[in-house]
Amino acid sequence: MRTILIEPTENPKVMKFVVDYNLIPGSLELDRSSDISEIPLAQELFNYPFVERIFITANFVAIAKQDTIEWEHVVESLKNVIEDELLANPRIYLQKKKEMYQIYAEMTPNPNVMKFVSSQLLIDGFVEVKSRDEAEGVPLAQIIFKEFDFTKEVFISDNFVAVTRDHSVEWHQVMMAVRGLIAEYLQNGGEISNVEAQRHENPVEKIINREYTNDEQKISDILNEYVAPAVENDGGKISLMEYDEASKTAKMLLQGACSGCPSSTATLKNGIESILKQFVPDLVERVEAVNG
């Protein structure tokens, strides 16, 4: 049986249930209006009328409850439900038979970037190839640059490849060809990368050679838990680059599909900034983007 740890959060309405493996790539945020027909765990949890929202990412399930009930009265029951459902569906969704390296294309908020998602893990971490000249040591990126002249950047992370195009083509013209090339290459056992993948935990470690302060670590922890999985789901990467204590400004490094994305600023202002204000209101008032 899977081990599940119950962890309180800084928000008294939210409790985390942590397991010992990654549940899904990316993240899921569900409320009572969400389509949960393929998610038995959510169906069972929403049977409890006090459950308002469910957030699933990385290795935990976070549940937000109504104020009308105390955690001590329900937390063990919720834990038991999660245990039972994960035994039946370890990857959250109803399991369907899939071909090895089934690839599907997915738009990202950046119109120049298309994300090609694999049914299998590609690498543990991420590799960013910013140009054709930097592709040496990353065979999957090399074949993409070789076959498609419009390729500007390739970003490989976990179970997806994000490809940045130039303006010589539109994605509807080339999307199927790129998807087919990646699928065929992987099916034939092609190497993905001989370059050591950067770690997700601190992707700016090689850029700024310093340790986080206590305040920076608090901000980074919130990013890693509640923001990074959703950004990665859109083919990008976000991490704390710099923190100005005087102005309470957090500067974020954007990589992959997020780098130069027209909607990045709005996303930061409307989403990430509000999340940080909610969890660490004494530390963050403003968020700024730094493109990687």
Query raised in the report: Considering only Cα-Cα distances, which of the following residue pairs are longer than 19 Å: K130/K152; K130/K237; K130/K251; K115/K277?
Result: K130/K251; K115/K277
Requested in this report: Please sort by residue number the trypsin sites (Lys or Arg not before Pro) in the range 16-70 whose DSSP state is loop and whose Cβ has at most 13 other Cβ atoms within 10 Å.
Outcome: R32
**Report entry** the range 42-95-the range 113-167 distance, computed between alpha-carbon centres (Å)
**Finding:** 36 Å
Requested in this report: Taking DSSP loops as anything outside H, G, I, E and B, show the longest stretch in the chain free of GluC sites (Glu not before Pro) there with at most 16 other beta carbons within 10 Å.
Outcome: 246-284
Report summary line: Scalar couplings 3J(HN,Hα) for the range 184-190 by Karplus 6.51 cos²θ - 1.76 cosθ + 1.60 (θ = phi - 60°), nearest whole Hz, x for Gly and Pro, are 5, 4, 6, 4, 8, x, x
**Report entry** Contact order normalised by residue count of the chain, Cα under 8 Å, 6+ apart, percent
**Finding:** 15 percent
Report summary line: Label model pair R91, R286: point-to-point distance (7 angstrom along the Cα→beta-carbon line) in nm is 4.4 nm
**Report entry** Other-chain or far-sequence residues with amide H under 5 Å of E288's (modelled H)
**Finding:** A250, K251, M252
Report summary line: Here the tail fraction of P(r) beyond 23 Å, over all Cα-Cα pairs of the range 5-88, rounds in percent to 12 percent
Query raised in the report: Which whole-Hz couplings ³J(HN,Hα) result when phi for each residue of the range 124-133 is put into the Karplus expression 6.51 cos²θ - 1.76 cosθ + 1.60, θ = phi - 60°, listed in order with x for Gly and Pro?
Result: 9, x, 8, 10, 10, 10, 7, 7, 4, 5
Requested in this report: For the range 82-155, state which trypsin sites (Lys or Arg not before Pro) are in a DSSP loop and have at most 12 other beta carbons lying within 10 Å of their beta carbon.
Outcome: R91, K96, K97, K98
Query raised in the report: In what order do M107, M175, M252 fall by count of nearby beta-carbon atoms within 10 Å, going from fewest to most?
Result: M107, M175, M252
Query raised in the report: When all alpha-carbon pairs of the chain are counted, what percent fall beyond 30 Å?
Result: 37 percent
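Coordinate-derived values only; no laboratory data. Values in this document were obtained by computation on a predicted structure and should not be read as measured data. All Cβ positions, even for glycine, are placed from backbone atoms using ideal geometry, and neighbour counts span all protein chains on display.
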